[in-house]
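Undergrad: Before I ask anything, here is the structure I am working with.
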Amino acid sequence: MKPIAPEDRRIANIHEAAFQSFVYPDGLALGDAILQLDDDKPLGEGFHVYRMPAGMTTRSHRHNGHEQFLILEGELIESDGTVFRKGDLVFYRDGTEHNSYTPNGCLLAVHIPHAETPLE
């Protein structure tokens, strides 16, 4: 096996790395931020770590591809009242519509294959 070239590996600690503010295509920023190592995809697509500040509600949206996420810290309340907590692994099928609220902030490991469609 050949050695891994430095340009072929990226490492970031989720507790120390700088997150990038997420700005929706229409320019709206809600205070959420993303840590994403794969720069071949737009910010917020593919695999990333997503941080929501306390009191934030995401925009209502439709998924274009299956979404999967793992709650690493905090709590997330879905638009239908379902509460996710640290350790919950969640799967949403392509076409699912929802929004999420976090009372005290949360950190998620997320995989989203394609940009979401805003419903607002």
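The values are calculated or read from the model by the stated rules, or taken from the named source; none is laboratory data. Remember, it's a predicted structure, so these values are computed and weren't measured experimentally. Cβ coordinates were reconstructed from backbone atoms using ideal geometry, including for glycine residues, and neighbour counts include every protein chain displayed. Surface areas here come from the heavy atoms of the whole protein model, side chains and all, with no ligands, DNA or RNA. Shrake-Rupley method; radii C 1.70, N 1.55, O 1.52, S 1.80 Å.
Undergrad: Rank Glu73, Glu97, Glu16 by mean-square fluctuation in a GNM of the chain with C-alpha springs under 10 angstrom and give only the top-ranked residue.
TA: Checking each option, the largest mean-square fluctuation is seen for Glu16.
Undergrad: Hey, how many Å between the Cα centroid of region 1-42 and the Cα centroid of region 58-73?
TA: 17
Undergrad: Which residue, Leu28, Leu107, Leu37, has the most motion in a Gaussian network model of the chain that connects Cα atoms within less than 10 Å?
TA: Highest fluctuation of the listed residues: Leu28.
Undergrad: With every protein chain left in place, what is the accessible area per residue of the chain in square angstrom, probe 1.4 Å?
TA: On the way: 7380 Å² over 120 residues.
Ligands and nucleic acids excluded, the figure is 61 Å² per residue.
Undergrad: What is the gain in length, in nm to one decimal, between Asp26 and Lys2 on full extension, counting 0.36 nm per residue of separation less the C-alpha to C-alpha distance? Walk me through the intermediate numbers first.
TA: Numbers: separation 24, 0.36 × 24 = 8.64 nm, distance 4.46 nm.
Full-extension gain reported as 4.2 nm.
Undergrad: How high is the relative contact order of the chain, in percent, with contacts defined as C-alpha pairs under 8 Å that are six or more residues apart? It would help to have the intermediate numbers written out before the result.
TA: Values: 265 pairs, mean separation 33.9, N = 120.
Answer for the chain is 28 percent.
Undergrad: Given Cα positions, please report Rg to Rh for the chain, the hydrodynamic radius being the Kirkwood one.
TA: On the way: Rg = 14.8 Å, Rh = 15.1 Å.
Looking at the chain, the ratio lands at 0.98.
Undergrad: Ignoring ligands, DNA and RNA, please state the percent of accessible area on the chain from carbon and sulfur, probe 1.4 Å.
TA: Values: 3840 of 7380 Å².
Here it works out to 52 percent.
Undergrad: With a point put 7 Å past each Cα toward its Cβ, work out how far Asp88 is from Ile14 in nm, to one decimal.
TA: Output for this residue pair reads 1.6 nm.
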